[in-house]
């Protein structure tokens, strides 16, 4: 395997490091143009356009969009049809995800108010979004875990209606995805996908209700469509390729770390897996493990392309320097594979999720640990956060000014409004002065 191996002590490390990090988030112009056409068509023709594109792209023909809706009875039937082991796993994961997001609600999702010395009431009212749209990939990839991670925090936040869209190429429906929708309490499910599904959710059709926010992963067409409709509706994020960065002190079995690096590389060829360590012998041991284990994996070709294209083993001068480099990368998934992870965690400022200790594989966070697996990519962890309850809520400021308060605040507002040349603003405040 031609895996990039770097050292922070090398004279050209900075240049090599920048080349490693580079990934263009620019969408192909042809995709942008096609997506714009699809969005405009769905906005104009509604259900008819959705049916046309579903027939063209997914090879599913239906008399109406209503025929593409999956009812609650079928969701429950899918839940009953999967193996007991799968059902137990879904329900256990859902329980943990719900418990985590209920704690999150208590921490950040509450309304509050207070009165100041003049009797003015000031505060914040938190209310849920009324209706959200959840995009779930279909076709090559099917992710029941994404159903749980998007729908459950929306439920905890108090969203009244969750609409799920999922493409079903050639009409093939994934029972595990439908079972996850049943467990997560999704209200309505439509078997449509692509940019046309995003358009239907954003603009509404005769059959599909318009939502207030769209969340969930998708391909380049879906990402482009979400970007286009932002403003008409809210979106969670524009996601780039998956990423994992491991900081290792050399105490974790090399096979474990090698497989953790594979776990993200297997998503697609553009995924990125990086290992940082001050122990050169350990880096070599992990590299040997990768060579040994890779041929045993079904997605060997994808993993190899990802690692050779964007992966790296980086020798650092110290664990402290490894933490500095991690902050520069701001990875989606960050593992501290060390004997004392709590020693290094305070040095880490930017990451979507931080996995601490040798036993904490990133894959546990993907499925069942509890925290959300929808995370910021492409260094956006510098300024954004994992999907959570707060993404399905909005805040309204509360202001109630007393008669006494209007005297003090009115004078301040009058001076500032006159300074801005907004006399009506000033007069509105002045009229309430005694």
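Computed quantities for the displayed model
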| read-out | value |
| --- | --- |
| Residue check, residue 267 in contact (Cβ under 8 Å) with a residue 12 or more places away in the chain and out of contact with any helix residue (DSSP H, G or I) (no Cβ under 6 Å at 6 or more places or on another chain) | yes |
| Flag if residue 173 is in the same structural domain as residue 200 (by TED's automatic domain parsing), touching a helix residue (DSSP H, G or I) at 6+ places or on another chain (Cβ under 9 Å), modelled with pLDDT under 95 and surrounded by 15 or more Cβ atoms within 10 Å (Cβ to Cβ) | yes |
| Any chance residue 153 is surrounded by fewer than 24 Cβ atoms within 10 Å (Cβ to Cβ) and at negative phi | no |
| Residue tally, condition out of contact with any strand residue (DSSP E or B) (no Cβ under 6 Å at 6 or more places or on another chain) and either surrounded by fewer than 13 Cβ atoms within 10 Å (Cβ to Cβ) or within 30 Å of residue 331 (Cα to Cα) (or both), over the stretch 16-55 | 20 |
| Complete set of residues in the stretch 90-113 that are surrounded by 12 or more Cβ atoms within 10 Å (Cβ to Cβ) and assigned to a strand (DSSP E or B) | 113 |
| Residue 162 in contact with a helix residue (DSSP H, G or I) (Cβ under 6 Å, 6 or more places away or on another chain), crowded, with 24+ Cβ neighbours inside 10 Å and under 16 Å from residue 239 (Cβ atoms) | no |
| The stretch 1-15 - residue that is surrounded by 13 or more Cβ atoms within 10 Å (Cβ to Cβ) and in contact (Cβ under 8 Å) with a residue 12 or more places away in the chain and, of those, nearest to residue 317 (Cα to Cα) | 8 |
| Any chance residue 83 is more than 17 Å from residue 185 (Cα to Cα) and without any contact (Cβ under 8 Å) to a residue 24 or more places away in the chain | yes |
| In the stretch 16-40, the residues that are touching a residue at least 24 places away in the same chain (Cβ under 8 Å), within 30 Å of residue 205 (Cα to Cα) and part of a helix (DSSP H, G or I) | 31, 32, 34, 35, 36, 38, 39 |
| Top-ranked residue in the stretch 327-343 [being over 20 Å from the mean Cα position of the chain (by Cα) and surrounded by fewer than 21 Cβ atoms within 10 Å (Cβ to Cβ); ranked as farthest from residue 383 (Cα to Cα)] | 339 |
| Residue in the stretch 58-66 that is part of a loop (DSSP other than H, G, I, E, B), in contact (Cβ under 8 Å) with a residue 24 or more places away in the chain and loosely packed, with under 13 Cβ neighbours inside 10 Å present | yes |
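The values are calculated or read from the model by the stated rules, or taken from the named source; none is laboratory data. This one's a predicted model, so the numbers in the text were calculated from it and none came from an experiment. For neighbour counting, all protein chains shown are included, and Cβ atoms are generated from backbone atoms with ideal geometry for every residue, glycine included.
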